[in-house]
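Data first, discussion second: the structure below is written as structure tokens.
The values are calculated or read from the model by the stated rules, or taken from the named source; none is laboratory data. Computed from a predicted structure; not experimentally measured. Every residue, glycine among them, receives a Cβ derived from its backbone with ideal geometry; neighbour counts consider all protein chains shown.
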């Protein structure tokens with residue numbers, strides 16, 4: 001009787017061991033099959049990307065993430081989806097993928113690249129410096145973040161160069177507004193804009209014109225000492241420039257001065273007449 005019980009116990013152990021081995025083999029086969037599907041989807045995405053089919057490529061890259069989100073291929077596929085959109089100038093879609101990457105794969109080794117591509121996507125959408133201020137600010141913020149968090153990378157070097165170009169863009173916006181006010185004889189708003197260029201964008205190509213306009217306007221309104229101060233600054237830094245030569249002419253002739261009070265009173269009178277038209 002004891003022998004029979006022992007035999008039954010041995011048989012159960014053998015069957016259990018056999019089943020566990022079978023389950024383990026099935027599990028390994030499933031995992032291997034899943035990884036093969038993932039690699040196949042990734043390679044298919046690369047193939048379609050190289051053929052120029054952006055949307056199908058992105059679909060395959062997203063499929064990689066769904067198949068095996070814990071694998072090293074998932075964040076790579078996410079970045080490739082972003083790059084595919086960027087390459088085909090779908091900047092907003094690329095931004096969406098990059099923001100998703102930064103949220104989902106925190107502290108990833110390619111985080112610096114993600115921030116760089118994100119900055120470039122915003123930077124490439126700057127078409128008109130007078131309208132695209134939001135894109136300018138976003139690009140500026142991400143480039144600054146790159147310089148702060150990843151200063152030793154190649155991306156940081158290009159970020160520094162792009163930030164200099166952004167300074168030029170912002171300064172050009174200020175010079176446009178300043179010249180707009182100047183053309184309409186709005187002396188004070190124009191002067192404030194020119195001063196902003198001198199104070200905040202002194203490394204740009206627009207600072208020479210801004211200094212010249214400050215000389216011109218200060219002389220017009222009778223502030224000759226202020227005009228001479230800006231002339232000295234222009235002469236010290238840009239003595240060989242055309243703007244300095246023009247400023248020299250202003251300070252050495254009888255320039256027509258403007259009565260600011262008269263201009264302001266005239267403006268108020270015109271506004272009053274305009275309002276009366278609607279009474």
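A few comments on the model shown:
- Within the set 227, 210, the sole residue that is surrounded by 19 or more Cβ atoms within 10 Å (Cβ to Cβ) and closer than 18 Å to residue 164 by Cβ turns out to be 210.
- Criterion violated by residue 271 - all others in (1) over 18 Å from residue 168 (Cα atoms); (2) at pLDDT 85 or above; (3) surrounded by fewer than 15 Cβ atoms within 10 Å (Cβ to Cβ) satisfied: (2)
- Residue 170, sole failed condition from (1) in a loop (DSSP other than H, G, I, E, B); (2) crowded, with 17+ Cβ neighbours inside 10 Å: (1)
- Check on residue 220, assigned by TED's automatic domain parsing to the domain that holds residue 243, out of contact with any strand residue (DSSP E or B) (no Cβ under 7 Å at 6 or more places or on another chain), at pLDDT 90 or above and more than 17 Å from residue 242 (Cα to Cα): no
- Residue in region 140-151 that is in contact with a helix residue (DSSP H, G or I) (Cβ under 9 Å, 6 or more places away or on another chain), closer than 26 Å to residue 190 by Cβ and in a helix (DSSP H, G or I) present: yes
- Among the residues of this structure, residue 145 does not count as one that is surrounded by 15 or more Cβ atoms within 10 Å (Cβ to Cβ) and over 17 Å from the mean Cα position of the chain (by Cα).
- Here residue 185 fulfils each of the conditions (1) under 30 Å from residue 76 (Cβ atoms); (2) outside any helix (DSSP H, G or I) apart from (1).
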